[in-house]
Amino acid sequence: MPSFRFALLTAATALSACGVVARPSTRPEPTGPAAGAATGGPSTAGPWRVAASYAPQGVTIATRAVVVITGDPSTRTDTLGATLDATYSWTPGGPASGTPGAPARPAGGAGGAGGPSRRRVTGSLTSYRVAVGGAAPTVPAGLKLAHPFTAEALPADGTMAFQLPAENSACTDPALSVLQGMHEAWIPLPETLTIGREWSDTTLTLSCRDQLAVRGVNVRQFRVQRADVENSRVVVTIERRAKGRMTAEGEQFGEAVSLNGESNGTMRYVLDVASGRLLRATGTSWLDFTFKSRRRNQRVQQSSELTLAWKL
């Protein structure tokens, strides 16, 4: 059986992939006037009411990783990089049936910090290129661009799920695996933020590696770290910490194989509270998983740096 090939695992499918689904939760929401209500100008004291944004926006997600594979039987190390470009927009929506809370802020992803919301995002994957070692970046084989996508917050727990590409296309259309990285761009936001406020959500991922469907569950915790004034506007820094698991079982070349791994990572997002739009984000992540079969066991460790930039 051939070894588990080098493959850059994207921000959501591996860098933050993968336990048990936790519903979005927050600490009690503070009360008080919106920022600047008393002084008439930008205030870094808070609280801040986050605007809902439904305007089309674009994002670039760049990932740079070092991958170490042991048990092959020798050890191999390589560097990989990927750059994703996409455009998308949110559809307004109220609380999902049977769930409490107000509509989530569209800058977010799964549900909202005040309660899950049935919401929909549509967009297009406009570019995706991968580079291994010093090779020139290339489009993965079989990936057709531009590729439309649709995702929706599920009413049961508010997690975002892709409707297009369809789940059953995971190992026939590389677009679904590539698009899992969009979970890094979709984060839930409370309607009101204040320094120190915390909340959490869960992302579910599905990707394909060597015809093996890999499922992940990732619990993300958010905290408002600080506020600054940039170009006469208040921007808030939100720290995200994530822990997760990823699993897969299947058959390759007539032989049973399995994959099990853990991940963790941190990100810092910068949010323009007046427009409700994210501006940029940077972070790091760590992935450690094993790939086992009757004849071969491999361990893969991946450390990555991520950069996200939104186009206004």
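Where a number appears in this text, it was derived from the coordinates with a stated rule and is not lab data. Because the structure is predicted, anything quoted here is derived from the model rather than measured. Ideal geometry is used to build each Cβ from the backbone, glycine not excepted, and the neighbour counts take in all protein chains shown.
Partner lysines whose Cα lies under 26 Å from the Cα of Lys144, excluding those fewer than 8 positions away in the same chain, are identified as Lys311. Counting 0.36 nm for each residue step from Glu198 to Ala62 and taking away their Cα separation leaves a gain of 46.3 nm.
Backbone geometry of the stretch 122-132 corresponds, through the Karplus equation with coefficients 6.51, -1.76 and 1.60 at θ = phi - 60°, to 3J(HN,Hα) couplings of 10, x, 9, 7, 8, 7, 7, 9, 10, 10, 10 Hz, x marking Gly and Pro. Taking 7 Å steps out from each Cα toward its Cβ at Phe253 and Thr266 produces label points 4.2 nm apart. Listed by chain and number, the aspartates and glutamates whose alpha-carbon sits under 17 Å from that of Lys243, ignoring those within fewer than 8 places in the same chain, are Glu184, Glu198, Asp201, Glu262, Asp288, Glu305. Annotation: the residues Trp286, Trp310, Trp48, sorted from fewest to most other C-beta atoms within 10 Å of their own C-beta, follow the order Trp286, Trp310, Trp48. Under the simplified labelling scheme, the Leu145-Ala45 pair shows an inter-label distance of 4.8 nm, with each label point 7 Å from Cα along Cα→Cβ.
When Val50, Val59, Val66 are sorted by how many other C-beta atoms sit within 10 angstrom of their C-beta, beginning with the fewest, the order is Val66, Val59, Val50.
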